[in-house]
Amino acid sequence: MSLKVKEIFYSLQGEGGRQGEASIFIRLSGCNFKCPFCDTDFSGGDEMTPEAILQTIRAFSCRWIIWTGGEPTLQLTDAILQFFKQAGYRQAIESNGRQRLSALLDYTVVSPKLQYGEDYALRCNPRVDEVRLPIQAGQQIPDIQIFPLAQYYFLSPVFEESLQNTKRNIDYCIEHIMQHPRWRLSVQLHKLVGMK
């Protein structure tokens with residue numbers, strides 16, 4: 001039993017409903033999408049057993065793991081999640097929502113990529129903790145009802161190389177939220193303050 005791990009790091013959660021909380025990020029390699037705006041290098045990585053990962057993360061004073069990627073559901077199994085649960089860790093996931101999420105997770109984030117169609121947003125769990133949509137200006141934002149039932153619904157403006165385009169994305173999200181107040185704004189704090 002092993003995982004292909006791109007990186008492990010300790011930082012603050014930079015976005016969403018747990019923004020600002022200390023977390024151990026375990027970035028798994030591979031993804032089932034190729035999003036043109038993706039800002040994450042999830043290629044390559046090293047094979048690691050759960051025991052080796054546990055040995056690495058014991059150095060951190062936090063007990064929250066965030067499984068991220070790429071797409072972590074391509075590798076995570078209930079046996080792996082149970083291993084870390086028994087070791088005393090709470091576990092969150094950041095997924096594109098294409099596949100069902102384990103009931104062993106303590107916090108679930110789905111981030112549907114709208115360019116792949118709206119229909120798949122209903123394929124994952126009927127209830128999640130958070131829906132977080134990456135949005136670029138001009139992108140059609142579907143009715144909130146198509147998404148799983150969630151505690152939080154966030155629009156997350158895509159940060160681009162051009163500051164002008166990033167500002168346009170932020171303004172576009174703000175305008176939509178003002179008209180549809182069930183949505184909230186999630187700006188990537190880690191990029192604004194220079195955290196990993």
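For P72, state whether it is within 26 Å of Q151 (Cα to Cα) and modelled with pLDDT of 90 or more. When the stated conditions are applied, P72 passes them. The residues of region 84-98 that are surrounded by 18 or more Cβ atoms within 10 Å (Cβ to Cβ) and either without any contact (Cβ under 8 Å) to a residue 60 or more places away in the chain or hydrophobic (A, V, I, L, M, F, W, C) (or both), listed by number, are F84, Q91, A92, I93, E94, S95, G97. The residues on offer are L81, L133, and the sole one that is assigned to a strand (DSSP E or B) and either in contact with a Phe, Trp or Tyr (Cβ under 9 Å, 6 or more places away or on another chain) or at pLDDT 85 or above (or both) is L133. Residues in region 104-120 that are among the acidic types (D, E) and modelled with pLDDT of 90 or more: 1 in all. Looking at region 159-169, is at least one residue β-branched (V, I, T) and surrounded by fewer than 21 Cβ atoms within 10 Å (Cβ to Cβ)? Yes, the conditions are met somewhere in region 159-169. Is it the case, given these coordinates, that R123 is surrounded by fewer than 17 Cβ atoms within 10 Å (Cβ to Cβ), closer than 16 Å to L149 by Cα and either at pLDDT 95 or above or among the charged types (D, E, K, R) (or both)? Taking the combined requirement at face value, the residue satisfies it. Take the residues in region 174-194 that are at pLDDT below 95 and of a type in the set (A, V, I, L, M, F, W, C); name whichever of them is nearest to L155 (Cα to Cα). By that ranking, first place goes to V187.
For region 158-173, residues that are outside any helix (DSSP H, G or I) and either of a type in the set (S, T, Y) or modelled with pLDDT of 95 or more (or both) total 1.
The values are calculated or read from the model by the stated rules, or taken from the named source; none is laboratory data. Just so it is clear, the model here is predicted, and its values are computed rather than measured. Neighbour counts are summed over all protein chains in view; Cβ atoms, including those assigned to glycine, are modelled from backbone coordinates with ideal geometry.
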